[in-house]
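Take a look at the structure set out below.
The values are calculated or read from the model by the stated rules, or taken from the named source; none is laboratory data. Predicted model, so just to flag it, every value in this text is computed and none were measured. Here the Cβ positions follow ideal geometry from the backbone for every residue, glycine too, while neighbour counts run over all protein chains shown. The accessibility values were calculated without ligands, DNA or RNA, using every heavy atom of the protein model including side chains. Shrake-Rupley method; radii C 1.70, N 1.55, O 1.52, S 1.80 Å.
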Amino acid sequence: NPLGNPGSSPVQDSIAIATIGSQQVSDMQGFHNQYPYLAYLFQEEYIDGTPPCCDAEGTMDLEWSTAMSNSFGSLQDTAKVYLYDGATNTDATWTDIYNSMASGNLARVFSTSWDCAEDECDISTVDTQVDIFNEMAGQGWTMVAASGDHGSYADCSTLGVNFPASDPNVVAAGGTTLTLDPGPVY
């Protein structure tokens, strides 16, 4: 927030996160208590009704977006993060989330960890969302989406990728697999 706007930041410096469910604010507060030098400034936007609590993935996205875009101090100097919290995990709600981001004019960076394997996505929904992403690209958005955790087999069985990470206007952020017991190390 280079202009030091209290309670806000310019759209070019703000982040929009697309997710389903409301956030567990106590987790964000705990994150901030662990790293008190980080300022955090966020606002939830409910899409298609009041979402159920609590979306752990969206909360984690909020925590790390805050950490990576932070002023290390004053709320007046940090980026604002907008969480677009969908009430249901339906194609219509995802389309409404992306439409709200594009028309709301609150940010110019969007991130989502949610996706669908291209061979399982409804093609008319994909076409509609591609149109929204084209509009966002024209507005100067930077769009980032998870590529998924299954490599080139998004649905775990068929060679294919995840949408929206596969959209040419969207940067695909690589997925990882957490292995808790890697076995013996030689």
Summing +1 for each Lys or Arg and -1 for each Asp or Glu, what net charge is found among the other residues whose Cβ lies under 10 Å from the Cβ of Ile97? -4
Label point 7 Å beyond Cα of Thr88 along Cβ direction - residues of the stretch 35-54 with amide nitrogen under 19 Å: 46-54
Given a Förster distance of 35 angstrom, what is the FRET efficiency for Gln139 paired with Leu180, based on the Cβ-Cβ distance and rounded to 0.05? 0.25
Sites matching chymotrypsin sites (Phe, Trp or Tyr not before Pro) across the stretch 35-115 that sit in DSSP coil, with at most 11 neighbouring C-beta atoms within 10 Å: Tyr37, Phe72
Figure the gain on full extension for Asp122 and Cys53 (residue separation times 0.36 nm, minus the Cα-Cα span) and round it to one decimal in nm. 22.2 nm
For Ile47 the rounded accessible area (nearest 10 Å², probe 1.4 Å, non-protein molecules ignored) is 10
